[in-house]
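Visitor: First the structure, which I've put down as structure tokens, then a few questions once you've had a look.
The values are calculated or read from the model by the stated rules, or taken from the named source; none is laboratory data. Because the structure is a prediction, the values reported are computed rather than measured. As a convention, Cβ positions derive from the backbone with ideal geometry for all residues, glycine included, and neighbour counts pool all protein chains shown.
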Amino acid sequence: MANAWGIVAEAVVKSLLLSALVLTATAYVTLLERRLLGRLQIRIGPDRVGPGGLLQPLADAIKLITKEDFIPAGADRFVYLICPVLVMAMAVFVWAVIPIGPSLDLFGTTIPLYVADVNVAILLILGASSLSVYGFILGGWSSNSKYSLLGGLRSSAQIISYELTLALAVIAVIMLARSLSLVRIVEAQRDGWFILRQPLAFLLFFVAAFAETNRSPFDLPEAEQELIAGYQTEYGGFKFGMFYVAEYLAIITQSALVTTLFLGGWHGPLLPGVVWFALKTLLFVCVFVWVRATLPRVRYDQLMGLGWKVLIPLGLVNIVISALLLI
């Protein structure tokens with residue numbers, strides 16, 4: 001019994017520490033994006049609050065928390081309030097199964113740098129992604145606004161469509177690693193990263209990640225020039241902030257998954273494993289920002305056509321070829 005309580009306590013402590021670390025990183029990814037966009041667009045970006053603008057995320061958080069809290073007339077109160085919580089919870093939950101480094105030996109005790117090594121970790125991640133769709137579509141529906149409802153419908157169609165592409169890319173990785181555990185997938189890349197053996201799966205996953213996170217050029221659910229921020233139109237203050245944080249947290253999560261599935265996770269020479277994992281993840285976060293500054297938003301028919309007519313057939317062909325090569 002004492003051993004069981006110790007395992008539970010260790011998991012709780014790891015969860016709290018990892019949540020604090022990820023949420024802090026998310027706050028500063030917003031600053032990183034604004035500064036990188038400023039550099040790419042030949043302007044400065046935020047640099048007034050704190051040295052080099054380092055306290056800007058704190059100022060933004062205080063602003064959102066202290067803004068007036070309102071609920072639109074005619075809104076479904078319970079659903080309206082629970083949707084930001086659902087989206088935020090699913091974004092944080094995924095990190096329970098993402099390994100950020102090899103196990104550490106401290107004072108004779110081995111400490112794994114992940115909350116749980118689950119045999120079906122990939123299925124948990126895909127399931128959490130599917131549940132977050134409810135937050136978007138119900139947030140749009142419950143707001144009693146046509147703009148919000150249109151944004152929610154766009155989001156549900158987009159995420160469900162590109163989840164298929166994401167899953168097909170992941171299946172190719174599972175076939176190579178012969179496991180659904182992210183820890184074992186990382187270990188299987190000790191002698192060679194999967195991006196070298198599955199370049200098409202990597203490309204499919206990376207493109208689908210932009211659609212899954214509602215980022216440019218696939219930010220159709222928000223489309224501020226068309227839908228006035230879509231499903232978020234009737235949200236303000238801290239509730240809007242939760243949607244906002246969940247989007248940036250999803251960017252970090254997708255970058256971490258690209259690192260874990262295709263770039264060997266924490267594996268790398270000279271530097272500690274945690275540092276390699278952080279550097280690879282940061283690289284792809286910067287790519288997300290770079291793409292936003294470079295590419296214009298596509299039309300909705302182009303978005304859906306790319307998913308159903310190009311990416312999904314490519315994913316199916318890739319799985320068949322991979323299976324034949326593994327026979």
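Table: residues versus (1) of a type in the set (Lys, Arg); (2) in contact with a Lys or Arg (Cβ under 7 Å, 6 or more places away or on another chain).
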{"site": "25", "(1), (2)": "no, no"}
{"site": "48", "(1), (2)": "yes, no"}
{"site": "71", "(1), (2)": "no, yes"}
{"site": "82", "(1), (2)": "no, no"}
{"site": "95", "(1), (2)": "no, no"}
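Visitor: I've got another one for you. Residue 124 is checked against (1) in a helix (DSSP H, G or I); (2) touching a Phe, Trp or Tyr at 6+ places or on another chain (Cβ under 9 Å); (3) in contact (Cβ under 8 Å) with a residue 60 or more places away in the chain; (4) not charged (D, E, K, R) and fails just one. What number does that condition carry?
Guide: (3)
Visitor: Oh, and also: Could you tell me whether the stretch 219-232 includes any residue that is crowded, with 19+ Cβ neighbours inside 10 Å, in a helix (DSSP H, G or I), modelled with pLDDT of 85 or more and not hydroxyl-bearing (Ser, Thr, Tyr)?
Guide: no
Visitor: Within the group 302, 232, which residue is free of Cβ contacts under 8 Å to residues at least 12 places away in the same chain and of a type in the set (S, T, N, Q)?
Guide: Result of the check over 302, 232: 302.
Visitor: Yes or no: residue 155 of a type in the set (Ser, Thr, Tyr), touching a residue at least 60 places away in the same chain (Cβ under 8 Å), within 18 Å of residue 233 (Cβ to Cβ) and in a helix (DSSP H, G or I)? Break it down into steps so the answer makes sense when it comes.
Guide: Working: of a type in the set (Ser, Thr, Tyr): yes; touching a residue at least 60 places away in the same chain (Cβ under 8 Å): yes; within 18 Å of residue 233 (Cβ to Cβ): yes; in a helix (DSSP H, G or I): yes.
Answer is yes for this residue.
Visitor: In the stretch 110-132, which residues are surrounded by 20 or more Cβ atoms within 10 Å (Cβ to Cβ) and of a type outside the set (A, V, I, L, M, F, W, C)?
Guide: Residues satisfying the conditions are 114, 129, 132.
Visitor: Within the stretch 271-278, does at least one residue satisfy the condition of being under 17 Å from the mean Cα position of the chain (by Cα), modelled with pLDDT of 90 or more and either surrounded by 15 or more Cβ atoms within 10 Å (Cβ to Cβ) or not in a helix (DSSP H, G or I) (or both)?
Guide: Residues of the stretch 271-278 under 17 Å from the mean Cα position of the chain (by Cα): 277-278.
Checking which are modelled with pLDDT of 90 or more leaves us with 277-278.
Those still in the list that are either surrounded by 15 or more Cβ atoms within 10 Å (Cβ to Cβ) or not in a helix (DSSP H, G or I) (or both) too: 277-278.
Yes, the stretch 271-278 has at least one match.
Visitor: Considering only residues that are of a type in the set (A, V, I, L, M, F, W, C) and within 19 Å of residue 92 (Cα to Cα), which ones fall in the stretch 275-297?
Guide: 277, 278, 282, 284, 285, listed by residue number.
Visitor: Here's something else I'd like to know. Look at the stretch 288-309 and say how many of its residues are of a type in the set (A, V, I, L, M), surrounded by 13 or more Cβ atoms within 10 Å (Cβ to Cβ) and either part of a loop (DSSP other than H, G, I, E, B) or in contact with a Lys or Arg (Cβ under 6 Å, 6 or more places away or on another chain) (or both).
Guide: 1
Visitor: I'd like the residue in the stretch 198-218 that is part of a helix (DSSP H, G or I) and among the small types (Gly, Ala, Ser) and, out of all such residues, is modelled with the highest pLDDT.
Guide: Step by step, filter the stretch 198-218, then rank; the result is 201.
Visitor: For residue 259, are the conditions met, namely being over 15 Å from residue 102 (Cα atoms) and either in contact with a Phe, Trp or Tyr (Cβ under 7 Å, 6 or more places away or on another chain) or of a type in the set (Val, Ile, Thr) (or both)? So that I can check it myself, show each step before the final result.
Guide: Numbers: over 15 Å from residue 102 (Cα atoms): no; either in contact with a Phe, Trp or Tyr (Cβ under 7 Å, 6 or more places away or on another chain) or of a type in the set (Val, Ile, Thr) (or both): yes.
Here the answer is no, as residue 259 does not meet what is asked.
Visitor: Still on this structure, please answer the following. From (1) touching a Ser or Thr at 6+ places or on another chain (Cβ under 8 Å); (2) closer than 24 Å to residue 34 by Cα; (3) part of a helix (DSSP H, G or I); (4) in contact (Cβ under 8 Å) with a residue 60 or more places away in the chain, pick out the condition that doesn't hold for residue 312.
Guide: (2)
Visitor: Would you confirm whether any residue within the stretch 291-305 is at pLDDT 90 or above and touching a helix residue (DSSP H, G or I) at 6+ places or on another chain (Cβ under 6 Å)?
Guide: Checking the stretch 291-305: not a single residue is at pLDDT 90 or above and touching a helix residue (DSSP H, G or I) at 6+ places or on another chain (Cβ under 6 Å).
Visitor: Still on this structure, please answer the following. Being more than 21 Å from residue 116 (Cα to Cα), polar (S, T, N, Q) and touching a residue at least 40 places away in the same chain (Cβ under 8 Å) is the filter here, so list the residues in the stretch 8-53 that pass it.
Guide: 26, 30, 41
Visitor: Then there is this: Could you list, in sequence order, all residues of the stretch 133-158 that are within 18 Å of residue 249 (Cα to Cα) and surrounded by fewer than 23 Cβ atoms within 10 Å (Cβ to Cβ)? Give the steps one after another, and end with the answer.
Guide: From the stretch 133-158, those within 18 Å of residue 249 (Cα to Cα) are 133-136, 155; that's our starting set.
The answer is 133, 134.
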